[in-house]
Structure formats: C-alpha cells, structure tokens
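Engineer: Structure incoming, see below.
Nothing in this text is a laboratory measurement; each read-out follows from the coordinates by a stated rule. Nothing here was measured: the structure is a model prediction, and the numbers come from that model. Note: ideal-geometry Cβ built from the backbone for every residue, glycine included; neighbour counts use all protein chains shown.
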Amino acid sequence: MFKLAEKFISANRTGLEAFRTIVNTSLDGIGQLATLNLQTARAFVESGAGNLAALSEVRDLEGLMALRQPAATAAAEQSFAYSRRAYEIYSESSSKIVQVFDQQLAGIGGGLAEAVQKGGRSVSPAVDFAVSTARSLMAMASRTCASARQPVADVAVTGRAQTVKLIEKTA
C-alpha cells in the first residue's frame, strides 16, 4: 500500500513538472514572437520612412520605375526574414514540448507494459487482444510525435523563390 502511494506521488510530481515545462516553454515562445513583432513593426516604419523620402525625391516616371523594384524586393526580404524567424521560434518551442510529451509517453508506456506483464500471466485472450491494441496505440502515438518534428522549411524556400520571380516579372 505504501509503495502505491509513493508511485502516485511520484507520478503527480512528474506530471506537474512536465506541465510547468510546457507552460514555461509556451510563454517563452510567446515572448519571443512578441519581440519579433515589435522589431518587425519598427523595421516597417523605418523602411516606410525611407521609401517616403526616396519617393519625395522622384521627379519623373523613370525615377519612379527605378524605385519600384528595390522597394518591392526589400519588402519581400523583410517578409521572408520575419517568416523564417517565426518558424524558428515555433520549431524550438514545439520540439521542447514534443520532448516533454515523449518523456511522459515513455513513462506511461513503460508503466503500462510492466503492469500488463505482471497481471497478464493469468488473463483471458480478450485481455491479450486489448494489450496488443494498447501497444499498437502507444507505437502510433510515438510515430505521431516523431512526425511532428519534421521540418517544413523547404516550403518557405520555394515560396521565396516564386515571390522573387514574380517581383522580377513586374519590373
């Protein structure tokens, strides 16, 4: 009886620690995104002021056309830099959270397998089927967590190349 109470207390502590880690990681990611948004807003205002100053110096249509492509390219570059950094923040936060879930899943899976092996020696075939189903569900959950870590950065690179081509066509 005493060992059972210790196991519950240990499980509760582990769960609370995992929850605290997830909350801290989430808040850190939110803080980084807020900082990124502030920096991006400042850069946008500075870029707008620079574009307005350059536009006020334009005296003919050729000067306006010459100003158009660099401004569009700079805006696209800023947009891609923002997207890249936001993706990095998301990746860092999500990988930390997935690690916590993996650890919790491994702990639950190990405890479940141990309990099933102890109690499974004298059980019916229906319980054997339930055990195999539980093991396959645990394996599927592990695969799902692993697939959540796969990067999608190649999509950002492809989108950037297409945007640069579109800007060059309009020039």
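Engineer: Using mean Cβ contacts within 10 Å as the protection proxy, how do 48-61, 92-105, 29-42 order, highest first?
Structural biologist: 92-105, 29-42, 48-61
Engineer: Over the stretch 1-85, one equal point on each Cα, no solvent: what is log10 I(q)/I(0) by the Debye formula at q = 0.12, 0.18 Å⁻¹?
Structural biologist: Results for the stretch 1-85 at q = 0.12, 0.18 Å⁻¹ read -0.59, -0.86.
Engineer: Under the Karplus relation 6.51 cos²θ - 1.76 cosθ + 1.60, θ = phi - 60°, what is the ordered set of whole-Hz ³J(HN,Hα) values for the stretch 92-103, x standing for Gly and Pro?
Structural biologist: 4, 5, 5, 5, 5, 5, 5, 4, 5, 5, 4, 5
Engineer: Contour minus end-to-end for Ser94 and Gln39, with contour as 0.36 nm per residue of separation and end-to-end as the Cα-Cα distance?
Structural biologist: 17.5 nm
Engineer: Please report how far the C-alpha centroid of the stretch 1-30 lies from that of the stretch 65-104, rounded to the nearest whole angstrom.
Structural biologist: Here the answer is 31 Å between Cα centres.
Engineer: Hey, another quick one. If you take the alpha carbon radius of gyration of the stretch 53-109 and divide it by 2.2 N^0.38 Å, what ratio comes out, to two decimals?
Structural biologist: Here the answer is 2.24, to two decimals.
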